[in-house]
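Report on the following structure.
The values are calculated or read from the model by the stated rules, or taken from the named source; none is laboratory data. Source: prediction; values computed, not measured. A quick note on method: Cβ atoms are made from the backbone with ideal geometry, for glycine too, and the neighbour counts reach across all protein chains shown. Protein only, heavy atoms only, side chains kept; ligands, DNA and RNA dropped before computing areas. Shrake-Rupley method; radii C 1.70, N 1.55, O 1.52, S 1.80 Å.
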Amino acid sequence: MSYATPPGGLPEQGHALTGTAVFTEAYAFIPAGVQRDIVTSYLPHWDEMRMWVLARPLSGFAETFSHYVVEVEPGGGSDRPEENPEAQSVLFVVSGDIVLENADGRHEMAAGGYAFLPAGHGWRVRNKGKNTAVFHWIRKKYQEVDGLTSPTAFVTSDQQTPPNVMANTDLWSTTRFVEPDDLRHDFHVNIVNFQPGGMIPFEETHVMEHGLYVLEGTARYLLNKDWVEVGPGDYMWLRAFCPQACVATGDGPFRYLLYKDVNRHAAL
C-alpha cells in the first residue's frame, strides 16, 4: 500500500499557483501543492519535528478536532507529546518507522500503522529508524458519559484490518478500526476505499464534522455545491451538514483517511 505525504519544499519563483485552495463557509480544500515548508508549525517538548496543521477547532466552523501531519527526523520525537489530559488521539503512519511507548508496552509502527490513545493515557514516540517518519495525529477532547467506561488503547494497522464492504456494491468499502456500535468511542478515524468507478451515490448530509486526507488515487468530490478534482495529499475539511459525494476517477484505488465525531448528543 502507498500513502501520500506533504511535498514540503518551496516552489520556484514563477511557479503556477494551484488555483484550487479555498476556504468557504461550508468547507475548506487544502491541496497537497500548498503544504510547503513555510507553513509548518512546531511544538514544545519535541525534537527534530515539524508539522502541517490541516484542521483545528474554529468557532462557527468545525469545532471538535485538530488534524496534524507530523514529520520527524531520525532520532527525533517526544517524551511529552500531549499536554492536555482531556485529549485523545489517533496516530496513523504514512512513511518511515516510529516507536510508540505507552502503558501497554513498546510498539514498532511502520507505514499503515494505527494507534488509538485515550485521554489521560501517557505515551511517547521516537523515530529510531534511518529515514524521516511521517504520521497523522488527530486529536479530540473526550466526552465522558455516565455509565460508560472509557475506551482503551490499542495498536493495529491498515494491513491487519479487513475492509467492510458497503451494501449493494463491492466498489466501496470502509476500513473500520473501531466498531460503530462501540459507544465508548466518540470519534472514528477510518479509511474509506473506492475501486475504479466506485462512488458515493447520494449527497451525504449529516451532523458529523469531517477531515479527509487523500492517501492515494483520484476522484471528483462534491463539497457543498462544488465538484472538486482531488488527488494524493489533498485535504478536505467539512463542517457539519456540508453535502458530500464522490466518484473515483483513476485506474487504481481511491482511498482517504476520514475523521468524524460520533455517538454523542448534540451540545445545547
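Would you call Tyr114 at pLDDT 95 or above, of a type in the set (Ser, Thr, Tyr) and buried (at least 21 other Cβ atoms within 10 Å of the Cβ)? I'd like the intermediate steps shown before the answer.
Numbers: at pLDDT 95 or above: yes; of a type in the set (Ser, Thr, Tyr): yes; buried (at least 21 other Cβ atoms within 10 Å of the Cβ): yes.
For Tyr114, the condition - at pLDDT 95 or above, of a type in the set (Ser, Thr, Tyr) and buried (at least 21 other Cβ atoms within 10 Å of the Cβ) - is met.
Hey, among His206, His107, His185, His136, which residue is within 26 Å of Phe241 (Cβ to Cβ), in a strand (DSSP E or B) and at pLDDT 95 or above? Reasoning before the result, please.
On the way: His206 fails: in a strand (DSSP E or B); His107 fails: within 26 Å of Phe241 (Cβ to Cβ); His185 fails: in a strand (DSSP E or B).
Residue meeting the stated conditions: His136.
Filter the range 186-242 down to residues that are in contact with a Gly (Cβ under 6 Å, 6 or more places away or on another chain) and free of Cβ contacts under 8 Å to residues at least 24 places away in the same chain, then give me how many there are.
Going through the range 186-242 one residue at a time, the tally reaches 0.
Would you point out the residue of the range 11-49, among those that are of a type in the set (A, V, I, L, M) and assigned to a strand (DSSP E or B), that is nearest to Thr132 (Cα to Cα)?
Looking only at the range 11-49, we keep the residues that are of a type in the set (A, V, I, L, M), and these are 16-17, 21-22, 26, 28, 30, 32, 34, 38-39, 43, 49.
Next, from what is left, pick out any that are assigned to a strand (DSSP E or B): 22, 28, 30, 49.
On the way: Val22: 30, Ala28: 28, Ile30: 23, Met49: 10 Å.
Checking each candidate, the answer is Met49.
Each row is one residue, and each column tells you yes or no for (1) in contact (Cβ under 8 Å) with a residue 12 or more places away in the chain; (2) in contact with a Cys (Cβ under 6 Å, 6 or more places away or on another chain); (3) among the hydrophobic types (A, V, I, L, M, F, W, C).
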position	(1), (2), (3)
Val34	yes, no, yes
Tyr42	no, no, no
Gln88	yes, no, no
Leu91	yes, no, yes
Val94	yes, no, yes
Asn102	yes, no, no
Ala110	yes, no, yes
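Considering only residues that are more than 18 Å from the chain's Cα centre (by Cα) and of a type in the set (A, V, I, L, M), look in the range 5-38 and name the one that is surrounded by the most Cβ atoms within 10 Å (Cβ to Cβ).
Of everything passing the filter in the range 5-38, Ala26 is surrounded by the most Cβ atoms within 10 Å (Cβ to Cβ).
Can you find even one residue in the range 144-156 that is of a type in the set (Ser, Thr, Tyr), under 27 Å from Arg255 (Cα atoms) and touching a Gly at 6+ places or on another chain (Cβ under 7 Å)?
No - not one qualifying residue is present in the range 144-156.
Quick one: is Glu63 without any contact (Cβ under 8 Å) to a residue 60 or more places away in the chain, part of a loop (DSSP other than H, G, I, E, B) and of a type outside the set (S, T, N, Q)? Full working, then the answer.
Working: without any contact (Cβ under 8 Å) to a residue 60 or more places away in the chain: no; part of a loop (DSSP other than H, G, I, E, B): yes; of a type outside the set (S, T, N, Q): yes.
Considered against the rule, which asks whether it is without any contact (Cβ under 8 Å) to a residue 60 or more places away in the chain, part of a loop (DSSP other than H, G, I, E, B) and of a type outside the set (S, T, N, Q), Glu63 comes out as no.
Quick one: Asp251 ticks every box in (1) open to solvent by less than 40 Å² (accessible area, probe 1.4 Å); (2) more than 29 Å from Glu25 (Cα to Cα); (3) of a type outside the set (Lys, Arg) bar one, so which box is it?
(1)
What number of residues within the range 225-248 are over 25 Å from Glu179 (Cα atoms) and open to solvent by 30 Å² or more (accessible area, probe 1.4 Å)?
Result for the range 225-248: 6.
Can you pull out every residue in the range 169-206 that is farther than 12 Å from Arg255 by Cα, surrounded by 13 or more Cβ atoms within 10 Å (Cβ to Cβ) and of a type in the set (A, V, I, L, M, F, W, C)?
Phe177, Val178, Leu183, Phe187, Val189, Ile200
Looking for whichever is assigned to a strand (DSSP E or B), among the charged types (D, E, K, R) and within 17 Å of the chain's Cα centre (by Cα) here; the options are Arg255, Arg220. Which one fits? Please lay out each step first, then the result.
Numbers: Arg220 fails: within 17 Å of the chain's Cα centre (by Cα).
Only one candidate qualifies: Arg255.
Right, Leu238: under 20 Å from Met1 (Cα atoms) and in contact with a Phe, Trp or Tyr (Cβ under 9 Å, 6 or more places away or on another chain) or not? Even if it seems obvious, please write down each step before you answer.
Values: under 20 Å from Met1 (Cα atoms): no; in contact with a Phe, Trp or Tyr (Cβ under 9 Å, 6 or more places away or on another chain): yes.
Spelling it out, it is not the case that Leu238 is under 20 Å from Met1 (Cα atoms) and in contact with a Phe, Trp or Tyr (Cβ under 9 Å, 6 or more places away or on another chain).
Would the range 149-168 turn up any residue that is open to solvent by 50 Å² or more (accessible area, probe 1.4 Å) and on the phi > 0 side of the Ramachandran plot? Please lay out each step first, then the result.
Of the range 149-168, the ones open to solvent by 50 Å² or more (accessible area, probe 1.4 Å) are 149-150, 152, 154-155, 159-160, 162-168.
When the remaining residues are screened for being on the phi > 0 side of the Ramachandran plot, the result is 168.
For the range 149-168, residues open to solvent by 50 Å² or more (accessible area, probe 1.4 Å) and on the phi > 0 side of the Ramachandran plot: present.
Within the range 44-58, track down each residue that is of a type outside the set (D, E, K, R), more than 30 Å from Val207 (Cα to Cα) and crowded, with 17+ Cβ neighbours inside 10 Å.
Of everything in the range 44-58, those that are of a type outside the set (D, E, K, R), more than 30 Å from Val207 (Cα to Cα) and crowded, with 17+ Cβ neighbours inside 10 Å turn out to be Trp46, Met49.
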